[in-house]
Every structure is written in structure tokens, then in C-alpha cells.
Amino acid sequence: MTLDDYRRFYAEEIEQVASLTSPALVEAFARVPREQFLGPPPWQLASAEVRAMAAAGLIQLKYRTTSEPRHLYHNVVVSLDSAKDINNGQPSALATWIAALDLQGGDRVYHMGCGVGYYTAIMAEVVGPGGSVVAIDAQPDLAARAQENLSGYHQAAVYSGDGAAFDPEPCDAMLINAGVTHPQALWLERLREGGRLVVPLTVAINSTLGQGAMLKFVRRSGGFSAGLVTFLAIFNGGNLRDPELEAPLRNWLGKAVATGALLKMKSLRRDVHEQDESCLFHVQGMCLNSAPCE
Ligand SMILES: [Zn+2]
């Protein structure tokens, strides 16, 4: 089997485990050469499950070392900077989040926290040459690697910058690849009508990692619909976290998992209102609500 064959089989595996329905997304996984985004071998691989258990302090994290490109075509995370818990993430998880963006050919996409740009390339393939992907990473070394790795995609632009300050301009879809306590107002404002924002609301479990829920907000004429995509563990988005929200979010997310409150969530309200029984998580500027948006 050639490396192209392994990549094709990997795409089919991701299609099955992430229940992908977009042929364009599956095709992108079959086409983009992951090994070209990760720097020269050897590479350090781990399963996402092992990494999550290690983050929770249950086991010692061990990576497996390999220089064989075909080993990258499994559902594994690849360490980019183990001291900072930065990885090229688990393909089935990223595929699920990208699928939630409902990307169409020609869409404009914002990818915040692009790392070395592998998943940015997947999205660039899906939106095609008529679309565009604007990506940033707060770490200049990662942004520089992504820039180099994506130089063949004229529809992708990579910046090094602060996710709280960066203006992605009007977008059809946004993938936030770092754990936050709340969606930034600018992201919601920059979503076009029908635009999709996929963003992880997390509580920090240590200085680098958080756990929580990947949420999806869709801009509708009457506001924003809201839904749960998956539960996850993800790198903390440092300055995208509001210290005042950490405690209420920790309290609420813990209970929400136990009571299924996340499944009752239908909308995001940003207007000033009195808290009532439809409010699932009600803090200043953000209310995850069980009432559908109008
Ligand atoms: Zn409310």
C-alpha cells in the first residue's frame, strides 16, 4: 500500500467514527498530507483518551515515537509542544467540529488557534478555491509554521495574533480551537446571517488544559440558536478567558453534564433580561437559554 492508500483508508475511518456526511470533508482528509504539516520525524503520538486521562491526573502520559508517516493516518494526536500541551488534535474530534460548521464551497471561514495549519488546510479544501480561510495562532512559532505549510493554498491566510483582539471580518463559519469561558462579542457580530460559530466553553483543569462542551451558535434573524456538539478536553485560550466566569461556569457545567441541561439549550441571548426558568446559564452579556430563538 502507498501512503496515498493509507490516507484514503484513514479518511474512510474518520468518516465512520465521526459520522461524516459531507463527501467534500471526507475527500479533504484523503487528500491533505498530514506528515507535511508536522515537521520532520520522529513524531510523538498518543491517543486522545490517554491524553485526557493524563490531564486529569489519572495516569502518566506516554507518547509513542515513530518516524513512519503511515502511523500518522490513525485517530491519534501528535505532540507539537508537550510542555504546553499543544497537539495536532485528534482527527475524529476535529472532523466532528468541522462537520458542525456545515461548510459550503465559497464560504469564508475563521480558524482561531490554527496550530500548524493541518485542519486549516482541511477546511480550505472543503470551501475550495472560491472560498477563504483566515487563521490565527497566538504562538508566533506555530503561526509561522502554519504560514509555511499553507503556502500552497491561495485561499488561506495565516496571522500570528491575539485571539481577543483579532477581527476576522464577516464570516460564514468560525472554529475556535482553544477553550474559552464565553464567545467573544466580536465573533458573534462578525457572523453572517446563517453563519455558524463552533466554540468550546471550558473550565480550566490546570494551567494549560480545560474540559467542557463544544457548542454551536447559528446566527438567525431573531438572534442566535445554540446547541451542543460534543464534550471535550482542549488547550486553554489564555486571554480569551474571563476570570470572573471561571467559578460560575465550573459550577454550572458540572451540574449541566449530570442533568442534561446542555441538551435543553436552544438559544444564546445577549440582551439584558431578568433571569427566568428558561435561563440555563445566565451571566452578564451571555445567557444560554432553553427557549428557541425567534
Ligand atoms: Zn437569562
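For the stretch 85-140 and the stretch 193-238, write down the distance between their C-alpha centroids in whole Å. Measuring centre to centre over Cα atoms gives 15 Å. Solvent exposure of the stretch 229-294 amounts to 59 Å² per residue of accessible area, where only protein heavy atoms count and the probe is 1.4 Å. Amide H contacts of ALA135: HIS111, ALA157, VAL158, TYR159, each under 5 Å away and 5 or more positions distant or on a separate chain (H built 1.01 Å from N in the peptide plane; Pro and chain starts excluded). Listed by chain and number, the aspartates and glutamates whose C-alpha is less than 20 Å from the C-alpha of LYS62, apart from same-chain residues fewer than 8 away, are GLU49, ASP81, ASP85.
Solvent-accessible area per residue in the stretch 1-143 equals 42 Å², computed with a 1.4 angstrom probe and all protein chains kept. Please state the shape class of the stretch 1-125: rounded when a/c is under 1.5, otherwise prolate if a/b exceeds b/c and oblate if not, all from the C-alpha gyration tensor. Prolate, since a/c reaches 1.5 and a/b exceeds b/c. Classify the stretch 77-147 as rounded, prolate or oblate, taking a ≥ b ≥ c as the square roots of the eigenvalues of its Cα gyration tensor: rounded when a/c is under 1.5, otherwise prolate if a/b is larger than b/c and oblate if not. Note, shape of the stretch 77-147 comes out oblate. Classify the stretch 119-196 from the C-alpha gyration tensor, please: rounded if a/c falls under 1.5, else prolate or oblate depending on whether a/b exceeds b/c. Since a/c reaches 1.5 but b/c is at least a/b, the shape of the stretch 119-196 is classed as oblate.
What the Cα convex hull of the stretch 31-95 gives, in volume per residue, is 85 Å³.
Spin-label model, GLU193 to GLU13: label points 7 Å out along the Cα-to-beta-carbon direction sit 4.4 nm apart. Straight-line cross-link partners of LYS216 among the lysines, defined as a Cα under 22 Å from its Cα and at least 8 positions apart when in the same chain: LYS255, LYS264, LYS266. Computed per residue of the chain from DSSP H runs no shorter than four, each worth -39500 (n - 2.57), the mean residue ellipticity at 222 nm is -9000 deg cm²/dmol. Of the GluC sites (Glu not before Pro) in the stretch 201-285, the ones in a loop by DSSP (not H, G, I, E or B) with at most 10 other beta carbons within 10 Å are GLU274, GLU277. Between the amide H of GLN104 and any residue lying 5 or more places away or on another chain, no distance stays under 5 Å, with hydrogens modeled in the peptide plane. Provide the percentage of antiparallel DSSP beta bridges, counting only those with both residues in the chain; round to the nearest 5. Given both bridge residues lie in the chain, the antiparallel proportion sits at roughly 65 percent. The accessible surface of the stretch 75-217, taken with every protein chain in place and a 1.4 Å probe, is 48 percent carbon and sulfur.
With the Cα gyration tensor of the chain in hand, convert its eigenvalues to equivalent ellipsoid semi-axes via √(5λ) and list them largest first in whole Å.
After diagonalising the Cα gyration tensor, the semi-axes are 30, 22, 17 Å.
The values are calculated or read from the model by the stated rules, or taken from the named source; none is laboratory data. Everything numeric here is computed off the predicted structure, so don't read it as measured data. Note: ideal-geometry Cβ built from the backbone for every residue, glycine included; neighbour counts use all protein chains shown. Quick note on the areas: whole protein, heavy atoms, side chains included, nothing else; ligands and nucleic acids left out. Shrake-Rupley method; radii C 1.70, N 1.55, O 1.52, S 1.80 Å.
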